[in-house]
Amino acid sequence: MFLSLLGITFLVSLLVCFIVARVFAKPIDGILERIVASDIAFAWTKYLKFAIYVVGISGGVRIHYLENFLMAPNEHFTPPVLNADRWVLEIYRTIVESLQSIAWMLLVFFIFALIAYVIVRAFELRAKVKLEIEERSGDD
């Protein structure tokens, strides 16, 4: 029964990661192509999708918690029973924990992307102003 739970939570986490990676594919591509060169953006996009899977699966399949199902009962601990209610709870918990882990990772990415975007934009505006000044001085 434990191996079934482990397999199902893994598959549910994998499915959640797949959906999130598909939903955020275009925004991630767009942001990275704006911030870095397009040939490097492709590699960073692949890495970020890989990170979504790693973070989502590791967040959804909580090995330390699942170890409770394998522990022998004693006077201070009784292992959880894998009944239908527990299955529903574990699948729900897997979905929520996967999404939560991915959300934190994407939040960090988008914060750093926003900072990088502001820096890139500032350099572009600076270059534009410098070019306008040079054009005006050339007209004189």
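Before moving on, here are some points about what is shown:
- Lone qualifier among Glu90, Glu132, Glu97 - being of a type outside the set (A, V, I, L, M, F, W, C) and modelled with pLDDT of 95 or more: Glu97
- Being surrounded by fewer than 16 Cβ atoms within 10 Å (Cβ to Cβ), of a type in the set (Val, Ile, Thr), modelled with pLDDT of 90 or more and closer than 21 Å to Phe24 by Cβ is not true of Ile52.
- Qualifying residue in the range 22-33 (condition: closer than 17 Å to Gln100 by Cα, under 20 Å from the mean Cα position of the chain (by Cα) and of a type outside the set (A, V, I, L, M)): yes
- Leu82 vs. criteria touching a residue at least 40 places away in the same chain (Cβ under 8 Å) and outside any helix (DSSP H, G or I): yes
- Here Glu97, Glu135 are screened, and the one residue that is on the phi < 0 side of the Ramachandran plot, of a type in the set (Asp, Glu), within 19 Å of the chain's Cα centre (by Cα) and in a helix (DSSP H, G or I) is Glu97.
Per-residue answers, yes or no, for (1) in contact (Cβ under 8 Å) with a residue 60 or more places away in the chain; (2) surrounded by 14 or more Cβ atoms within 10 Å (Cβ to Cβ); (3) on the phi > 0 side of the Ramachandran plot; (4) not in a helix (DSSP H, G or I):
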position	(1), (2), (3), (4)
Phe10	no, yes, no, no
Leu14	no, yes, no, no
Ala21	no, yes, no, no
Ala43	no, no, no, no
Ile57	no, yes, no, no
Pro73	no, no, no, yes
His76	no, no, no, yes
Leu89	no, no, no, no
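- Which listed residue is under 21 Å from Ile19 (Cβ atoms) and among the charged types (D, E, K, R), from Glu90, Glu75: Glu90
The values are calculated or read from the model by the stated rules, or taken from the named source; none is laboratory data. Keep in mind it's a predicted model, so treat the numbers as computed, not measured. Glycine also receives a Cβ, built like all others from the backbone with ideal geometry; neighbour counts cover every protein chain displayed.
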